[in-house]
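K.L.:
I am attaching a structure below and will ask some questions about it afterwards.
The values are calculated or read from the model by the stated rules, or taken from the named source; none is laboratory data. Here the structure is a predicted model, which means the values were calculated and not measured. No Cβ is skipped: glycine too gets one built from the backbone with ideal geometry, and neighbour counts run over all protein chains shown. Surface areas here come from the heavy atoms of the whole protein model, side chains and all, with no ligands, DNA or RNA. Shrake-Rupley method; radii C 1.70, N 1.55, O 1.52, S 1.80 Å.
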Amino acid sequence: MTILYEEGDGIKGEKISCEFRSTSKPTVIRKTSGHRAMRMFVEGLPCECYIEKRWRAISNK
């Protein structure tokens, strides 16, 4: 498993779990074709995220 540490590193999946100490208030953001999504920030030392379910669009690799 690769662990990314640099600012701007990201992960994509259909289901992602996070372990953290505190969270920000969720905000609604715009995505493709006017669809809406939610964004929130998680904080803590350490703050970790893991993919629980692979993204189907790339799961055939």
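K.L.:
Filter segment 31-41 down to the residues that are assigned to a loop (DSSP other than H, G, I, E, B) and closer than 24 Å to residue 5 by Cα, then identify the one that is most open to solvent (accessible area, probe 1.4 Å).
P.N.:
So in segment 31-41, the residues assigned to a loop (DSSP other than H, G, I, E, B) come out as 31, 35, 40-41.
Subsequent filtering for residues that are closer than 24 Å to residue 5 by Cα retains 40-41.
Numbers: 40: 93, 41: 129 Å².
Filtering segment 31-41 for residues that are assigned to a loop (DSSP other than H, G, I, E, B) and closer than 24 Å to residue 5 by Cα, the one most open to solvent (accessible area, probe 1.4 Å) comes out as 41.
K.L.:
Right, next: Can you pull out the residues in segment 6-30 that are surrounded by 10 or more Cβ atoms within 10 Å (Cβ to Cβ) and assigned to a loop (DSSP other than H, G, I, E, B)?
P.N.:
11, 12, 13, 14, 20, 21, 24, 26, listed by residue number.
K.L.:
So how many residues does segment 42-56 have that are open to solvent by less than 70 Å² (accessible area, probe 1.4 Å) and free of Cβ contacts under 8 Å to residues at least 24 places away in the same chain?
P.N.:
Looking only at that region, the number is 0.
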